[in-house]
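As structure tokens, the structure follows; a few thoughts come after it.
The values are calculated or read from the model by the stated rules, or taken from the named source; none is laboratory data. Note that this is a predicted model, so its numbers are computed, not measured. Positions of Cβ are backbone-derived with ideal geometry, glycine not excepted, and every protein chain shown enters the neighbour counts.
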Protein chains: 2
Amino acid sequence: MVEISSRTQQLPASAIRKLVPFADAAKASGVKVYHLNVGAPDIKSPDCALDAIKAINLHHVSYTNSAGLIELRRDMIEKYYKKIGIDVGIDEIVINVAGSESVEFAIQITCDPGDEILLIEPYYTNYYTLAFKYGVGVNVVRTNIREGFRVPGIEEFEKALTPRTKALMISNPGNPTGVVYSKQEMEILGEFCRRHNLFLISDEVYREFCYTDEPHYSAMNLKGLEQNVILVDSVSKRYNLCGCRIGCTISHNKDVMAAVVKLAQARLCPPVLGQYTALGALDAPQEYFDQTKEEYIARRDCAIECLNKIPGVFTPKPDGAFYTIAELPVDDAEAFAKWLLTEFRLDGETVMVTPAASFYLDKSLGKRHVRVAYVLEVPKLKRALHILEKALEAYPNKL
Amino acid sequence: MVEISSRTQQLPASAIRKLVPFADAAKASGVKVYHLNVGAPDIKSPDCALDAIKAINLHHVSYTNSAGLIELRRDMIEKYYKKIGIDVGIDEIVINVAGSESVEFAIQITCDPGDEILLIEPYYTNYYTLAFKYGVGVNVVRTNIREGFRVPGIEEFEKALTPRTKALMISNPGNPTGVVYSKQEMEILGEFCRRHNLFLISDEVYREFCYTDEPHYSAMNLKGLEQNVILVDSVSKRYNLCGCRIGCTISHNKDVMAAVVKLAQARLCPPVLGQYTALGALDAPQEYFDQTKEEYIARRDCAIECLNKIPGVFTPKPDGAFYTIAELPVDDAEAFAKWLLTEFRLDGETVMVTPAASFYLDKSLGKRHVRVAYVLEVPKLKRALHILEKALEAYPNKL
């Protein structure tokens, strides 16, 4: 009997998707399920992007350059990065199959098997999963929900460092916390990486979903870190085109970009229809971002208010992305999330949340936490959180 | 100074793309370059696929299931696999970001770092590159150009086996050789895998580009190998939609499919616009394949005849795909290919071919070989091969 590899046997299954069969069963029995579990926004894509799909007029759909269409790379620099003050040369950007591929490339490029990557906990689960695929270990610096998941003092980073640490990887604005790092926090992280000769992999796919008064401060603007920073970015996420799967990797480090190109060649080319759509999306006016931001601020405010008024629930107020981590008065958030789908109904409706244990290296730390994605319109969001409140009242295993 | 990982430093650069800068320079100076180097067909995509792009009417482009749209998986089974006699259950197929991702998944699933994969040489370069990424070694069974790259006796496979061998990976029809394995050859390979408990990864992305009288014999039809076979397939290649990046992995082995799903979840979802295009493509009539095949047979016949009449050139007659390996009367095919781009012009035109050394583990074996992709219309193909003939007459380092 053939047996599959240990690495894929041990690869963690997606926690976000583990509950899906229970949700499917609930729906099959006629229950309406409000999805607060996935970061799949319902905001309209810009018309210029949707029009670009309609305008695709090809004789056949051939490969593009492995690094992506030259006109897409050029337009991303001219129409987007210049505008937000990020300096990028044409040889310093490669188009990826979404931010996911960019993360995967960055891990391979910075770490050999047995090397380690440093994450700020709670972290985006797939950082761990993708590192695991390549035999890369994960160490963490802990943050605290009561302190809004802010970056702790540099001494915590020093403590987490080992001789095998090769990179610090951050998500800013953060998934799953929604935290946005200030310029000052970024400079602390940058100084730490400079001092210890680490790569700084900065995943900024939620950059345009930032609700602070100050503009988002990109790792690309850190002085003296030009050789260390690898920027993970997404086009599809930014314009509510998640399914187009278009992202990019940017770095001033020539060795990094040469490696990105080699990895890109091994998978031939990024999705071509998505690239044409992205070309169109780049013409979206500033109002598109402003309106999207306004909508998310309303949703965030609603989510935070509704959550914090539930007895025993606590969540900090996040400044970006469309997630928040909430602490619930339950002993096991995963059992509670499953119970919501299998047992609890309020007028034939229930709600789906993501148990947060998988965002922690030490699963016990996230045992009472869930990630809530505020990706529903305000009235639906209110209803969903009302259901959550009633469910917590009814839950038999409450603390 | 930060340093990138050894694994990406040592990752081979794409041989197929290494000469691109020289081709670009030639074109920039006004020289016309005939591309016989990449397998990028110029055949029209089916109208039903191109119409499907135009019909995409979305409010926003959200994620699909990580395993791909359920209706795409269902239609692929109903409209394609059933028709060609391959039995697939809905849980036995996952949509990939093209055949490339399917190969990458199959390597991870069958091999741990330090394990080995067995290839038939000459092999598709990216098999080697993708195995290398995951710390997987490569062993080869040699075939011979004079014997049309047919599968050698089973004893050659036994000799190449080591205790770390976990899978045999084949390309059928073959890239770069164009060889198509008969049912009898497939049964020999299957028996070898069964006997030694190996996975058989069968890359059949060129299945519809098969010019034999007998129908293509899929590894999926091997009796007693149900748990061993992993099928790598492509939709985009089949319908001249290469840039859509839609492929799939198929297996009756539940552990394999569970691992495929986990790997698929870690990269969220396959390109959505490509999935809708693929849905449309599945309605292409049989005549579409017949016409495409007829065109390729004409090109192949032209390519083989033109090549073999050049003094000192030998190529076997391939039965599938759109490649052939040709032996040239030169001491170093890579130097010759570069010379074509940098030095040789016939009335302001030249030709680009792929040096074949990278398709061999022992580079010296492919030193006099090039891969010719017959992806041009017959008149252009004739002209390109005429240029090649004149170039070989003029080449100073001829054998």
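General remarks:
- Among all positions in the stretch B:220-231, there is at least one residue which is closer than 29 Å to B:GLN275 by Cα and either of a type in the set (D, E, K, R) or without any contact (Cβ under 8 Å) to a residue 12 or more places away in the chain (or both).
- Residues of the stretch A:250-267 classified as buried (at least 24 other Cβ atoms within 10 Å of the Cβ) and part of a loop (DSSP other than H, G, I, E, B), total: 1
- Hits in the stretch B:355-384 (condition: of a type in the set (Ser, Thr, Tyr) and modelled with pLDDT under 95): B:SER358, B:SER364
- Some residue of the stretch A:57-72 being more than 19 Å from B:ASP47 (Cα to Cα), assigned to a helix (DSSP H, G or I) and under 25 Å from the mean Cα position of the chain (by Cα): yes
- Residue match in the stretch A:71-89 (condition: within 14 Å of chain B (Cβ to nearest Cβ) and either more than 22 Å from A:TYR206 (Cβ to Cβ) or free of Cβ contacts under 8 Å to residues at least 60 places away in the same chain (or both)): no
- Close Cβ contacts (under 8 Å, 6 or more residues apart or on different chains) running from residues in the stretch A:190-205 that are away from every other protein chain (no Cβ under 13 Å) to residues that are buried (at least 24 other Cβ atoms within 10 Å of the Cβ) and of a type in the set (Val, Ile, Thr) comprise A:SER202/A:ILE170; A:SER202/A:ILE230; A:SER202/A:VAL232; A:ASP203/A:VAL103; A:ASP203/A:ILE170; A:ASP203/A:VAL232; A:GLU204/A:VAL232.
- Residues in the stretch A:55-70 that are of a type in the set (A, V, I, L, M), within 19 Å of A:ALA264 (Cα to Cα) and either touching a helix residue (DSSP H, G or I) at 6+ places or on another chain (Cβ under 7 Å) or facing chain B (nearest Cβ under 7 Å) (or both): A:VAL61, A:ALA67, A:LEU69.
- Subset of the stretch B:1-21 [of a type in the set (Val, Ile, Thr) and assigned to a helix (DSSP H, G or I)]: B:THR8, B:ILE16, B:VAL20
- Taking the criterion of being crowded, with 19+ Cβ neighbours inside 10 Å and either basic (Lys, Arg) or farther than 28 Å from A:GLU121 by Cα (or both), the residues of the stretch A:368-382 that qualify are A:ARG368, A:ARG371.
- Matching residues in the stretch B:35-74 - criterion: being of a type in the set (S, T, N, Q) and in contact with a Ser or Thr (Cβ under 7 Å, 6 or more places away or on another chain): B:ASN37
- Scanning the stretch A:262-315 for residues that are of a type in the set (A, V, I, L, M), free of Cβ contacts under 8 Å to residues at least 40 places away in the same chain and either farther than 29 Å from A:ILE70 by Cα or more than 9 Å from chain B (Cβ to nearest Cβ) (or both) turns up just one, A:ILE304.
- Scanning the stretch B:209-246 for residues that are surrounded by fewer than 21 Cβ atoms within 10 Å (Cβ to Cβ), modelled with pLDDT of 95 or more and of a type in the set (Asp, Glu) yields one hit, B:GLU226.
- Restricting the stretch A:226-255 to residues that are in contact with a strand residue (DSSP E or B) (Cβ under 6 Å, 6 or more places away or on another chain) and more than 20 Å from B:PRO271 (Cα to Cα) leaves a set whose member that is nearest to the other protein chains (Cβ to nearest Cβ) is A:ASN228.
- Those strands (runs of 3 or more DSSP E) of the stretch B:102-182 in which 2 or more residues are crowded, with 22+ Cβ neighbours inside 10 Å and within 11 Å of another protein chain (Cβ to nearest Cβ) occupy B:165-171.
- The condition of being in the same structural domain as A:TYR123 (by TED's automatic domain parsing), out of contact with any helix residue (DSSP H, G or I) (no Cβ under 7 Å at 6 or more places or on another chain) and basic (Lys, Arg) holds for only one of A:LYS27, A:LYS32, A:LYS82, A:LYS18, that being A:LYS82.
- Of the residues making up the stretch A:1-21, those that are more than 16 Å from B:SER62 (Cβ to Cβ) and buried (at least 19 other Cβ atoms within 10 Å of the Cβ) are A:VAL2, A:ILE4, A:SER5, A:ARG7, A:THR8, A:LEU11, A:SER14, A:ALA15, A:LEU19.
- The one condition in (1) of a type outside the set (Val, Ile, Thr); (2) within 30 Å of A:ARG345 (Cα to Cα); (3) facing chain B (nearest Cβ under 8 Å) that A:LEU19 fails to fulfil: (3)
- Residue identified as crowded, with 23+ Cβ neighbours inside 10 Å, more than 30 Å from A:ARG17 (Cβ to Cβ) and among the aliphatic types (A, V, I, L, M) among B:ALA326, B:ALA281: B:ALA326
- The residues of the stretch B:22-51 that are in contact with a Gly (Cβ under 7 Å, 6 or more places away or on another chain), surrounded by 15 or more Cβ atoms within 10 Å (Cβ to Cβ) and part of a helix (DSSP H, G or I), listed by number, are B:CYS48, B:ALA49.
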